[in-house]
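S.K.: Supplied in structure tokens, the structure appears directly below.
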């Protein structure tokens, strides 16, 4: 008996180790509360948020469960960066342009008539901004950036920037707000979900918005004229609570890191950007809508009218210790390399 005891003990230990192995290998389940402010039926929800969440869950073998909180359920659209910082949500979708002046480097992507393609432009902006994210967005863990592009939609046709004077316009972000002020407009500061109501009640005369979202938010019912140009881009960041990330296992962190990269910036940018661009054709086919074509001279006038914003951006970058001119040229070069520059 004594002779067999070590063998029995060894067998028992081996059995215990085998039984315990799955528990050791399996990461502790965690929930990621992902907040955004779009309706759950919005194209980005279907083409970006949901595929990303499913991919994270699959890659983590179900140990990271992503719960989406759409439509401002956890807070207002303008508060989503602070919601990630404060742990109200673990991941948030942020439009930094809703807080003008807070993220000066990121706002380079908002400069008028700079980005000509949302998908390739998203990858370019994300690659360029990673140099600055650790400093400018140090309160959170930066995941990735992307953009959409759009134009001006109005109740009356607009072909010349001089027509903006005296109008009431809902801008897309802080840069567009500064641009509209420069042109003599009064800015109507409401979030995307509130925009239709503002236009319907006459609080606003026009809106700067992406093509398909005009339909998604029902704004096509109140504006009938749409400028045929890439007037602007709005920039977005996926931001994460640092404490939540720090509590993940090494394996879970790798899964998150693999989903917070330039590849995903491009994927989301292409998926949403291509969908937004389909809105122009849909509006044309609806009837009752006019795509306002601009002559080369009119487009030149729009570009000239926006030049002071480029000068201001260089100055704002300098105020945070950056070489604004060099940074702007680096962004243009990144966009050019990826065939995303709005020429």
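S.K.: Any residue that is out of contact with any strand residue (DSSP E or B) (no Cβ under 6 Å at 6 or more places or on another chain), in a loop (DSSP other than H, G, I, E, B) and either at pLDDT 95 or above or surrounded by 10 or more Cβ atoms within 10 Å (Cβ to Cβ) (or both) - is there at least one of those in the range 1-19? Spell out how you get there, then give the answer.
M.R.: Of all residues in the range 1-19, those out of contact with any strand residue (DSSP E or B) (no Cβ under 6 Å at 6 or more places or on another chain) come to 1-19.
From what's left, in a loop (DSSP other than H, G, I, E, B): 1-4.
Imposing the further condition that a residue be either at pLDDT 95 or above or surrounded by 10 or more Cβ atoms within 10 Å (Cβ to Cβ) (or both) reduces the set to none.
So far as the range 1-19 goes, no, none of its residues is out of contact with any strand residue (DSSP E or B) (no Cβ under 6 Å at 6 or more places or on another chain), in a loop (DSSP other than H, G, I, E, B) and either at pLDDT 95 or above or surrounded by 10 or more Cβ atoms within 10 Å (Cβ to Cβ) (or both).
S.K.: If I go through the range 38-55 residue by residue, how many of them are in a helix (DSSP H, G or I) and either more than 18 Å from residue 261 (Cα to Cα) or in contact with a helix residue (DSSP H, G or I) (Cβ under 6 Å, 6 or more places away or on another chain) (or both)?
M.R.: Filtering the range 38-55 down to residues in a helix (DSSP H, G or I) leaves 43-55.
Still in the list and also either more than 18 Å from residue 261 (Cα to Cα) or in contact with a helix residue (DSSP H, G or I) (Cβ under 6 Å, 6 or more places away or on another chain) (or both): 43-48.
Result for the range 38-55: 6.
S.K.: Under 16 Å from residue 112 (Cβ atoms), modelled with pLDDT of 95 or more and touching a helix residue (DSSP H, G or I) at 6+ places or on another chain (Cβ under 8 Å): does that describe residue 182?
M.R.: Details: under 16 Å from residue 112 (Cβ atoms): yes; modelled with pLDDT of 95 or more: yes; touching a helix residue (DSSP H, G or I) at 6+ places or on another chain (Cβ under 8 Å): yes.
So residue 182 fits the description; yes.
S.K.: Only one of these conditions is not met by residue 184: (1) touching a strand residue (DSSP E or B) at 6+ places or on another chain (Cβ under 9 Å); (2) at positive phi. Which number is it?
M.R.: The number of the failed condition is (1).
S.K.: Of all the strands (runs of 3 or more DSSP E) wholly in the range 186-268, which have at least 3 residues that are closer than 30 Å to residue 62 by Cα?
M.R.: Values: elements: 206-210, 225-227, 232-240.
Of the strands (runs of 3 or more DSSP E) lying wholly inside the range 186-268, those with at least 3 residues that are closer than 30 Å to residue 62 by Cα span 232-240.
Residues are listed down the side, and each one gets a yes or a no for (1) assigned to a helix (DSSP H, G or I); (2) under 24 Å from residue 180 (Cβ atoms):
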{"site": "273", "(1), (2)": "yes, yes"}
{"site": "291", "(1), (2)": "no, yes"}
{"site": "314", "(1), (2)": "yes, yes"}
{"site": "325", "(1), (2)": "yes, no"}
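S.K.: Could you please find all residues in the range 253-279 being out of contact with any helix residue (DSSP H, G or I) (no Cβ under 6 Å at 6 or more places or on another chain), surrounded by fewer than 17 Cβ atoms within 10 Å (Cβ to Cβ) and either closer than 30 Å to residue 29 by Cβ or free of Cβ contacts under 8 Å to residues at least 60 places away in the same chain (or both)?
M.R.: Selection gives 253, 254, 257, 258, 261, 263.
S.K.: Take residue 255 and decide whether it is under 24 Å from the mean Cα position of the chain (by Cα) and over 20 Å from residue 125 (Cβ atoms).
M.R.: On the way: under 24 Å from the mean Cα position of the chain (by Cα): yes; over 20 Å from residue 125 (Cβ atoms): yes.
Yes.
S.K.: So, one more: Answer yes or no: is there a residue in the range 171-180 that is in contact (Cβ under 8 Å) with a residue 40 or more places away in the chain, touching a strand residue (DSSP E or B) at 6+ places or on another chain (Cβ under 7 Å) and surrounded by 24 or more Cβ atoms within 10 Å (Cβ to Cβ).
M.R.: Step one: list which residues in the range 171-180 are in contact (Cβ under 8 Å) with a residue 40 or more places away in the chain, which gives 172-179.
So of that shortlist, the ones also touching a strand residue (DSSP E or B) at 6+ places or on another chain (Cβ under 7 Å) come out as 172-173, 176-177.
Cutting the leftovers down to surrounded by 24 or more Cβ atoms within 10 Å (Cβ to Cβ) gives us 172, 176.
Yes.
S.K.: Residues of the range 322-343 being in contact with a helix residue (DSSP H, G or I) (Cβ under 7 Å, 6 or more places away or on another chain) and touching a residue at least 12 places away in the same chain (Cβ under 8 Å), which ones?
M.R.: 327, 328, 330, 331, 334, 335, 338, 339, 340, 341
S.K.: Every residue in the range 157-168 that is part of a loop (DSSP other than H, G, I, E, B) and under 20 Å from residue 297 (Cα atoms), please.
M.R.: Filtering the range 157-168 down to residues part of a loop (DSSP other than H, G, I, E, B) leaves 157-160, 165-167.
157, 158, 159, 160, 165, listed by residue number.
S.K.: Among 284, 297, which is the only one that is assigned to a helix (DSSP H, G or I) and more than 29 Å from residue 221 (Cβ to Cβ)?
M.R.: Values: 284 fails: more than 29 Å from residue 221 (Cβ to Cβ).
Exactly one residue qualifies, and that residue is 297.
S.K.: So which of 233, 250 ends up being at pLDDT 95 or above and surrounded by fewer than 20 Cβ atoms within 10 Å (Cβ to Cβ)?
M.R.: Values: 233 fails: surrounded by fewer than 20 Cβ atoms within 10 Å (Cβ to Cβ).
Being at pLDDT 95 or above and surrounded by fewer than 20 Cβ atoms within 10 Å (Cβ to Cβ) holds for just one of 233, 250, which is 250.
S.K.: Please name all residue pairs, on different chains or six or more residues apart, with Cβ atoms under 8 Å, provided the first residue is in the range 63-91 and is at positive phi and in contact (Cβ under 8 Å) with a residue 60 or more places away in the chain and the second residue is in a helix (DSSP H, G or I) and surrounded by 18 or more Cβ atoms within 10 Å (Cβ to Cβ).
M.R.: 87/244
S.K.: Report, ordered by the first and then the second residue, all pairs with beta carbons closer than 6 Å, sequence separation of six or more or different chains, a first member in the range 280-304 that is in contact (Cβ under 8 Å) with a residue 24 or more places away in the chain, and a second member that is in a helix (DSSP H, G or I) and exposed (fewer than 15 other Cβ atoms within 10 Å of the Cβ).
M.R.: 291/284
S.K.: Here's something else I'd like to know. What residue, among those in the range 69-101 that are part of a loop (DSSP other than H, G, I, E, B) and more than 16 Å from the chain's Cα centre (by Cα), is surrounded by the fewest Cβ atoms within 10 Å (Cβ to Cβ)? Spell out how you get there, then give the answer.
M.R.: Filtering the range 69-101 for residues part of a loop (DSSP other than H, G, I, E, B) gives 70-76, 87-90, 95, 99-101.
Filter once more, keeping what is more than 16 Å from the chain's Cα centre (by Cα): 73-75, 87-90, 101.
Numbers: 73: 13, 74: 18, 75: 17, 87: 12, 88: 17, 89: 26, 90: 23, 101: 10.
Step by step, filter the range 69-101, then rank; the result is 101.
S.K.: In addition: Scan 198, 204 and give me the residue that is touching a strand residue (DSSP E or B) at 6+ places or on another chain (Cβ under 9 Å) and crowded, with 22+ Cβ neighbours inside 10 Å. Give the steps one after another, and end with the answer.
M.R.: Values: 198 fails: crowded, with 22+ Cβ neighbours inside 10 Å.
Step by step, each of 198, 204 is checked, and only 204 is touching a strand residue (DSSP E or B) at 6+ places or on another chain (Cβ under 9 Å) and crowded, with 22+ Cβ neighbours inside 10 Å.
The values are calculated or read from the model by the stated rules, or taken from the named source; none is laboratory data. Being a predicted model, the structure only gives us computed values, none of them experimental. For neighbour counting, all protein chains shown are included, and Cβ atoms are generated from backbone atoms with ideal geometry for every residue, glycine included.
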